[in-house]
Every structure is written in C-alpha cells, then in structure tokens.
2 protein chains.
Amino acid sequence: MSEDLVIIPKATLSRLPLYLRVLNELKHINMRFISSDEMAARLGITSSQLRKDLSYFGGLGIRGTGYDVEYLLGRIKDILGISRHWRMAVIGAGKLGTALARYPGLGQHGITVAALFDVDESKVGWKAGDVPIFHLSELPAKKEELNLEIVTLTIPAQVAQKVCDLALQAGFKAIWNFAPVRLDVPGDVLVQYEDLVVGVLTLSHLLSRRLG
Amino acid sequence: MSEDLVIIPKATLSRLPLYLRVLNELKHINMRFISSDEMAARLGITSSQLRKDLSYFGGLGIRGTGYDVEYLLGRIKDILGISRHWRMAVIGAGKLGTALARYPGLGQHGITVAALFDVDESKVGWKAGDVPIFHLSELPAKKEELNLEIVTLTIPAQVAQKVCDLALQAGFKAIWNFAPVRLDVPGDVLVQYEDLVVGVLTLSHLLSRRLG
C-alpha cells in the first residue's frame, strides 16, 4: 500500500502530539529502545491501544527489544507534517490571536506564527511577543513575502465568511477556524474547525447527568 | 429507555451548539416550525445527518409541518446541561485564561466565568473584564463563596498535576484542562481535555499530504 493512502483515524492522530512529547523525552535521556508496556505506562493508555496506533504508521516493535525511539520519532514527525515547517498567519489580534502567537506548543510542532492581522489601526504596527501586527489589507502581500501557508481566524462569527473570502483570494488553502460558524469554501481548501465551546458543553452535559 | 441512559455520540454533541444557534435565530424571528431540509440547509449539513442527530433526543418532525422550534430548543438545552447555569473558575490568568473570561460563547451557553486564579501577585486583585483575579490559595474559600462547579486549567504542563490536586482538594469534580498533559484524577472526577495543537496538527498533516 502506498504511504499516501494511509488514512490515520482522528482518535489516533489526536494522540500523536502526546507520543511525540514522550519520545522526545526518551531521546533526550539517550534511550534507544522502549517496550510498548513502558511507553503505554508513561502515556497513561493501554499497551494494546498504543500498539494499534503505532501499527498505522509501520512502527513495529522488535521482540525483546521494543520500539526504536529515533525511528518512531521520525515517522510521527513525517505523519504530522512537521518534518517540514509551516508559517502561519493569524487574523484577529485579540486575546485569542495574541495567545496563539505566543503559544510555545505551536513552535514545538513546527508551526511558526509569522504575522498577525487586524483591522484595528491602534494595533497595527505593534507586536505580540515577536510577531508583528499588520493591517488586514496587507494580507495578500505579506502572504507572498513571508511565505504564509496556514491562516488562522480568531474573529467574530459575523465577519468570518468575509475575512475567509479575503484569505481565499490571497491564495490560502488551509484555514484553522476559531470563529463559531461554518465557512463556505471551495473543495480544494482545508478547514479545521475549533469550537472552544464544544469541549465545555461536553463537560456540562456529563456533569448535569452526574448531578441529576 | 430511561433518559439517563441516552448516550449521545461525540460527533452529534459537537454539532449541538450549532443547532442551538440556528434554533435561537428561528425563535427570534418567531418561526414555530421548520422542515429538516430547511434547517439542514441553514446548517450546511445533509438533512439525513440532521434527522439522525435529532433522533437521539426524541426530536420527531411532524410530516408536512416539520420540527417544533421551541421544543427542540428546550431539549437541546436540557441535553447540554444549560437549562441550568454553571459557574466556572479559571486557573491561570494569562492570555488564554483572560480570553476565556471574556469569551461571550461561554455565557451564551449558560456558563459564567466567576473567578480567575493565579499565583502572580501582580495580577491578584485586578480584573479581566468583569472577572476578579484571586490568589490560587483562595481557591477553596472562593469555591464555596461563589458556588464554583467547573474548574478550567490554563497553566503550564509542569505545574498542571499539582494545581489539579489543589482543585480536587477544594472539591471540584469537573475539570476543563488546556494544559498539554494527562491528569491523574479519581474515577468520579470528569476531565475534558483541550489540546489546541491537535487541531492544527490535523491540518498540517492533511496539508503535507496534499502538497506532497
């Protein structure tokens, strides 16, 4: 089977950042091999779950020796697309946008927030951490100049489609959307929706069931 | 089947906030009934998907009339646990914590951020929006005084378990965790994990596949 055809289940994908973190720690202490039992214990999951996840990307443990830490690390980075680096634009230099610009988790996974954009003139020209804030009208020019490939929307729902259209015109093909609204995009554009409310509603749903 | 036994699939649950928004809009324009086709079109999903979702909570359309807007609204609010209100503590008065404190999406879904906590003395005594910032040592007292039931952690991974333990000692049974680490909690405590990196890694995974 061609590697391009491997579709990794979302649940597995969601655990990869955690695997990456643990494997980086192991590499850091010069550990070359690890058993599935020991790695599963560090992750707080079952070893059968771990083995199943790793099987999706050809990670085969060697009997009596375990998994090759360096090899697994390389494979997971390939799968996550972080062997290559991505440069990201964030539109909306509010609390969430500037929090993302400063968030170390992105850089650790090969993603650099290279520019923030806003329509608020009082923000334009300033920086959030090391990240410069440009006017939204500069998006097409900065996309080329700074080689931006992913655009993140941290803007109100009412303006999201309009701003999304500007990003599409500028040539973006990958959108990370925090605005609580579905976006209308062509079929060749990737959109990842992030609705912070969903998580806490799941929690309140379970809590109200619990408390009756 | 007892209502308590209805387990709603996570994918369905993730769409409920969207349904809630659309139904609220319909109610606002005094629309009493809506067909599944029309509602699905507004949501950007298929009507068979919508009917399947609604079937989980006994939302039965009437042939030729459609779904009762008011009834569906009530049912979804019940399921999401937002017929009742929840008061939330946020530990970590950084960018993300203060963004959550000001985030209108929470209030719209029945969740009030009533207090922020931090160990940084320069933040204690100030407010983020309308939300007062207390010292972390005040957590147990404020939990009782302000009737806090959900605690949100927006703190670094290294201190997450320690702060989680403090929250457990204070009596919290529901944790919304943004720290990128698994928490060790007793079986009767609910934890909802929120890893912002997972979404963007899914995106970079797909983008690197696309670009080859």
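The values are calculated or read from the model by the stated rules, or taken from the named source; none is laboratory data. Predicted model, so just to flag it, every value in this text is computed and none were measured. Glycine gets a Cβ as well: all are built from the backbone with ideal geometry, and neighbour counts include every protein chain shown. Just the protein is used for accessible areas: all its heavy atoms, side chains included, with ligands, DNA and RNA removed. Shrake-Rupley method; radii C 1.70, N 1.55, O 1.52, S 1.80 Å.
Restricting the search to the range A:73-91, which residues are under 16 Å from the mean Cα position of the chain (by Cα), surrounded by fewer than 23 Cβ atoms within 10 Å (Cβ to Cβ), more than 7 Å from chain B (Cβ to nearest Cβ) and not charged (D, E, K, R)?
A:76, A:83, A:85
Can you tell me which residues in the range A:156-183 are under 18 Å from residue A:114 (Cα atoms) and among the β-branched types (Val, Ile, Thr)?
The one that is under 18 Å from residue A:114 (Cα atoms) and among the β-branched types (Val, Ile, Thr): A:175.
Could we say that residue B:96 is touching a helix residue (DSSP H, G or I) at 6+ places or on another chain (Cβ under 8 Å), modelled with pLDDT of 80 or more and farther than 30 Å from residue A:97 by Cβ here?
Criteria not met by residue B:96.
Hey, can you tell me all the residues within the range B:43-52 that are part of a helix (DSSP H, G or I) and modelled with pLDDT under 80?
B:43
Which condition does residue B:55 not pass, out of (1) modelled with pLDDT under 85; (2) in contact with an Asp or Glu (Cβ under 6 Å, 6 or more places away or on another chain), if it passes all the others?
Failed condition: (2).
Out of the residues in the range A:58-83 that are part of a helix (DSSP H, G or I) and among the hydrophobic types (A, V, I, L, M, F, W, C), state the one that is modelled with the lowest pLDDT.
Checking each candidate, the answer is A:79.
Any idea which of (1) without any contact (Cβ under 8 Å) to a residue 12 or more places away in the chain; (2) more than 28 Å from residue A:19 (Cβ to Cβ) is the one residue A:104 doesn't satisfy?
(2)
Residues that are at pLDDT 95 or above and over 19 Å from the mean Cα position of the chain (by Cα): does the range A:173-195 have at least one?
Checked the range A:173-195: no residue is at pLDDT 95 or above and over 19 Å from the mean Cα position of the chain (by Cα).
I need the helices (runs of 4 or more DSSP H) fully contained in the range A:104-212, keeping only those with at least 3 residues that are of a type outside the set (Gly, Ala, Ser), more than 7 Å from chain B (Cβ to nearest Cβ) and open to solvent by less than 70 Å² (accessible area, probe 1.4 Å). Let's see the steps before the verdict.
Details: elements: A:104-108, A:139-146, A:157-169, A:196-211.
By residue number, A:139-146, A:157-169.
Look through B:42, B:51, B:32 and report the one residue that is open to solvent by 70 Å² or more (accessible area, probe 1.4 Å), within 14 Å of chain A (Cβ to nearest Cβ) and not polar (S, T, N, Q).
B:42
So in the range B:54-72, with the set limited to residues that are open to solvent by less than 60 Å² (accessible area, probe 1.4 Å) and among the hydrophobic types (A, V, I, L, M, F, W, C), which one is farthest from the chain's Cα centre (by Cα)?
Checking each candidate, the answer is B:69.
Being more than 14 Å from chain B (Cβ to nearest Cβ) and open to solvent by less than 70 Å² (accessible area, probe 1.4 Å) is the filter here, so list the residues in the range A:12-29 that pass it.
Hits for the range A:12-29 are A:23, A:26.
If a residue has to be within 15 Å of residue A:74 (Cα to Cα) and of a type in the set (D, E, K, R) to count, how many in the range A:18-60 make the cut?
Residues meeting the conditions: 4.
So, in the range A:92-103, how many residues would count as being farther than 12 Å from residue A:132 by Cα, of a type in the set (A, V, I, L, M) and more than 7 Å from chain B (Cβ to nearest Cβ)?
Counting residues in the range A:92-103 that are farther than 12 Å from residue A:132 by Cα, of a type in the set (A, V, I, L, M) and more than 7 Å from chain B (Cβ to nearest Cβ) gives 1.
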